[in-house]
Amino acid sequence: MNKTRFWVVGGEYTSCDCDTLISGTERVVGPFESRTDAEQTWRSLSEDHRPQAQVRFTIAHEPSMGA
């Protein structure tokens, strides 16, 4: 049985609309085995970049690939 894995993804965007990432600023952190672990990293990254309005991170997940 495969489990769902979680990733923290984001970076700096060209505007506060968060439509287009600035090349070279992309970050992908993970995988995490639980959403709780991913949330801890997401909170830390978000807090570290709090003064930068155009930097955003989110949690993504891979659907489990059941047989």
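The values are calculated or read from the model by the stated rules, or taken from the named source; none is laboratory data. Predicted, not measured: the structure shown is a model, and the values here were computed from it. Because the Cβ atoms are built from the backbone with ideal geometry, glycine has one as well, and the counts that use them run over all protein chains shown.
Flag: residue 46 does not match the condition of being loosely packed, with under 14 Cβ neighbours inside 10 Å and among the small types (Gly, Ala, Ser). Exactly one residue out of 15, 44 is assigned to a loop (DSSP other than H, G, I, E, B) and out of contact with any strand residue (DSSP E or B) (no Cβ under 6 Å at 6 or more places or on another chain), and it is 15. Taking segment 27-43 as the range and being closer than 16 Å to residue 11 by Cα and surrounded by fewer than 13 Cβ atoms within 10 Å (Cβ to Cβ) as the test, the residues that pass are 28, 43.
Scanning segment 49-67 for residues that are under 20 Å from residue 3 (Cα atoms) and surrounded by 13 or more Cβ atoms within 10 Å (Cβ to Cβ), we see that the one that is farthest from the chain's Cα centre (by Cα) is 62. If you check residue 31 against the conditions, is it out of contact with any Gly (no Cβ under 8 Å at 6 or more places or on another chain) and at pLDDT 95 or above? Judged against the criteria, residue 31 is a match.
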